[in-house]
Amino acid sequence: MKPVWIFFLLLSFSYPALSQVSQTTINLDNLSDKISYEESKTNTLDGIYVKGTPYLNKEFTPGEVVIDDSITYPNIPLRYNIYTDKIQFLNAQKQIRVLDNSQQTYRFEFGNHTFTIRDYLGDQGKVKHGVLEVLADGHIQLYKKYQVDFEQATKAIGYKDAEPNRFVRQDDEFLIAMGKAVPQRIRPNKKLLKKLARFKPNIEQYAKSHKLKPKSEQDLIQLIQYCNN
């Protein structure tokens, strides 16, 4: 197994998209990276209280990075910053860094999650590029897109209490891709079952007999896996 320091040394020369997250400039682009440092002290950001978290999990978790399905780097400290939509890792000097080069493919496995970075169709069919969690793989791929918004502090109005600056989790979105197609958002409802019937004509009977509902994430995963078998 290659030492971790060799991994980061090679990446710093090989991948121009590898960049250190700024720890000095305060703006919304790097606010979520600075807050992790401040929260361990006083839960403030230069005197400004910030509630919530932009991370899926605040702590870094040892995981595996796979580049282009061929180069594997194990035991890398990883975490997902939902707000900036970046997978972060720590180098040997404990510096926070991010990795995303659109010319290459990535897979990150940590904390019982598998993530990839790829194009997908967002609102109004606009192509976006970002981090998706892989929930099911095969001819039909199922992905989940996490979302976090940053909301500015508000003053008390009438019976509504004041709110501090805060990160707020939004509803997760689900996406599906057929073959090599670009993943696109879906509505996990009964209409989806009719679309999946082209792959498994008895999908509705299968869902009924197993009491599966597409709105349930685990049930949706099971339905896609059934279509892939």
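The values are calculated or read from the model by the stated rules, or taken from the named source; none is laboratory data. Since the model is a prediction, treat every value here as computed from it, not as a measurement. Don't worry about glycine lacking a Cβ; one is built from the backbone with ideal geometry, like all the others, and counts go over all protein chains shown. Keep in mind that these areas ignore ligands, DNA and RNA; they rest on the heavy atoms of the full protein, side chains included. Shrake-Rupley method; radii C 1.70, N 1.55, O 1.52, S 1.80 Å.
For (1) within 17 Å of the chain's Cα centre (by Cα); (2) farther than 27 Å from Q170 by Cβ; (3) modelled with pLDDT under 90; (4) in a strand (DSSP E or B), each residue gets a yes or a no:
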residue: V50; (1), (2), (3), (4): no, no, yes, yes
residue: N57; (1), (2), (3), (4): yes, no, no, no
residue: P62; (1), (2), (3), (4): yes, yes, no, yes
residue: N75; (1), (2), (3), (4): no, yes, no, yes
residue: Y80; (1), (2), (3), (4): yes, no, no, yes
residue: I87; (1), (2), (3), (4): yes, no, no, yes
residue: Q93; (1), (2), (3), (4): no, yes, yes, no
residue: R97; (1), (2), (3), (4): yes, no, yes, yes
residue: D100; (1), (2), (3), (4): yes, no, yes, no
Task: Residue ranges of strands (runs of 3 or more DSSP E) in the stretch 128-211 with at least 2 members out of contact with any helix residue (DSSP H, G or I) (no Cβ under 6 Å at 6 or more places or on another chain) and open to solvent by 70 Å² or more (accessible area, probe 1.4 Å) - done: 184-186
Open item on the list: Based on this model, can you work out whether F110 counts as in contact with a Ser or Thr (Cβ under 6 Å, 6 or more places away or on another chain), more than 23 Å from N228 (Cα to Cα) and either among the hydrophobic types (A, V, I, L, M, F, W, C) or assigned by the TED database to the domain that holds G63 (or both)?
Closed with: yes
